[in-house]
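**Q** This is the structure I want to talk about, given as structure tokens.
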Amino acid sequence: MEKLRRIEGSIVGIPVNDIDTDQIIPARFLKVTDKAGLGKAAFCDWRYLEDGETPNPDFILNQPAYAGASVLVAGNNFGCGSSREHAPWALLGAGFKAVISTEFADIFRNNALKNGLLPIVVDRDTQQQLFSLADEDPGTTVHVDVEAQALTLPDGRRVDFPLDGFSKYCLLHGVDQLGYLLALEDEAQAYEASNPQRVTTTG
């Protein structure tokens with residue numbers, strides 16, 4: 001997992017509420033255990049026509065003006081539905097580093113943080129302002145400071161967002177939960193060496 005300290009990227013808006021994980025990545029793609037190539041499957045049923053290969057020209061992610069956007073602004077209750085780690089994998093594979101919404105489903109939020117995708121919770125007014133900016137001026141850029149937990153809009157307004165301490169540490173250091181534990185291996189071994197065995201067995 002790459003370190004995530006700051007994001008400076010253009011935004012794209014999908015103003016749809018209750019986007020569930022099956023819309024983010026349909027269930028037929030869940031057979032794979034490799035993240036490679038899942039970016040193409042992100043929003044697949046919206047992104048392609050019925051043949052599954054021809055890009056839908058009406059879908060915003062297929063419009064050249066939004067190519068390279070790395071911050072997705074979404075409707076309320078993003079990531080609801082079934083639990084699937086493939087959802088953040090697909091979004092990351094599609095080039096997104098952060099998703100902004102007024103609310104995230106808890107399981108999606110946890111899966112996103114574990115994989116280095118930053119879910120940013122903002123108020124409704126900020127969400128609507130971002131939708132308007134993205135619609136009126138494709139290429140609009142926002143700045144995100146993970147350590148400060150702050151989103152800065154083009155007009156300079158700063159919006160603070162919540163982020164628990166453990167997730168912030170993992171994002172800033174580029175480690176997942178397993179990586180965090182492995183980094184403590186020397187300390188764990190030192191503790192074991194300095195403490196007598198508490199449980200003994202008798203034969």
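**Q** Might you tell me the accessible area per residue for the chain, computed with a 1.4 Å probe and given in Å²?
**A** The answer is 55 Å² per residue.
**Q** Could you pull the Rg and Dmax for the stretch 50-138, using just the Cα atoms, both in Å?
**A** Cα radius of gyration and Dmax of the stretch 50-138 are 13.6, 38 Å respectively.
**Q** Another question, then. Taking the Cβ of F29 as the centre, find all other residues whose Cβ is under 14 Å away and add up their charges (Lys, Arg: +1; Asp, Glu: -1).
**A** Surrounding charge for F29 is +2.
**Q** Under the Kirkwood approximation for Rh and a Cα-based Rg, what ratio Rg/Rh is obtained for the stretch 30-82?
**A** 0.98
**Q** From the residues L92, Q63, G52, which one has its Cα farthest along the dipole of the stretch 46-114 in the positive direction, the dipole being from +1 and -1 charges on Cβ of Lys/Arg and Asp/Glu about the Cα centre?
**A** Working it through, the farthest residue towards the positive pole turns out to be L92.
**Q** Determine the gain in length on full extension of the stretch N56-S82; use 0.36 nm per residue of separation and subtract their C-alpha separation, reporting nm with one decimal.
**A** Working it through step by step, the gained length comes to 6.8 nm.
**Q** Can you give the relative contact order of the stretch 1-91 as a percent, counting alpha carbon pairs under 8 Å and 6+ residues apart?
**A** 50
**Q** Right, next: Roughly how many percent of the accessible protein surface of the chain is carbon and sulfur, given a 1.4 Å probe and a whole-percent answer?
**A** Working: 5450 of 11250 Å².
Exposed carbon and sulfur together represent 48 percent of the surface.
**Q** Let me ask another. Please state the relative contact order of the chain as a whole percent: Cα pairs under 8 Å, 6+ residues apart?
**A** 26
**Q** Then there is this: Average the reciprocal distances over every distinct pair of alpha-carbons in the chain, invert the result, and give the Kirkwood radius in Å.
**A** Hydrodynamic radius (Kirkwood, Cα pairs) of the chain is 18.3 Å.
**Q** Which is the longest stretch in the chain that no exposed loop site breaks, taking sites as trypsin sites (Lys or Arg not before Pro) with a DSSP loop state and at most 15 other Cβ atoms within 10 Å?
**A** By the stated rule (loop sites, at most 15 other Cβ atoms within 10 Å), 36-156.
**Q** Per residue of the chain, what 222 nm ellipticity follows from adding -39500 (n - 2.57) for every DSSP H run with n ≥ 4, rounded to the nearest 500?
**A** So the helix-based figure for the chain works out to -8500 deg cm²/dmol.
**Q** Add +1 for every Lys or Arg and -1 for every Asp or Glu among the other residues with Cβ under 13 Å from the Cβ of G13, and state the total.
**A** Residues near G13 contribute -3 overall.
**Q** Let me ask something else. Where nothing but the Cβ of Lys and Arg (+1) and of Asp and Glu (-1) is charged, how large is the charge dipole of the chain around its Cα centre, in debye to the nearest 20?
**A** 380
The values are calculated or read from the model by the stated rules, or taken from the named source; none is laboratory data. What you see is a predicted model; the values in this text were computed from it and never measured. Note: ideal-geometry Cβ built from the backbone for every residue, glycine included; neighbour counts use all protein chains shown. Heads up: the accessible areas ignore ligands, DNA and RNA and are worked out on the full protein's heavy atoms, side chains in. Shrake-Rupley method; radii C 1.70, N 1.55, O 1.52, S 1.80 Å.
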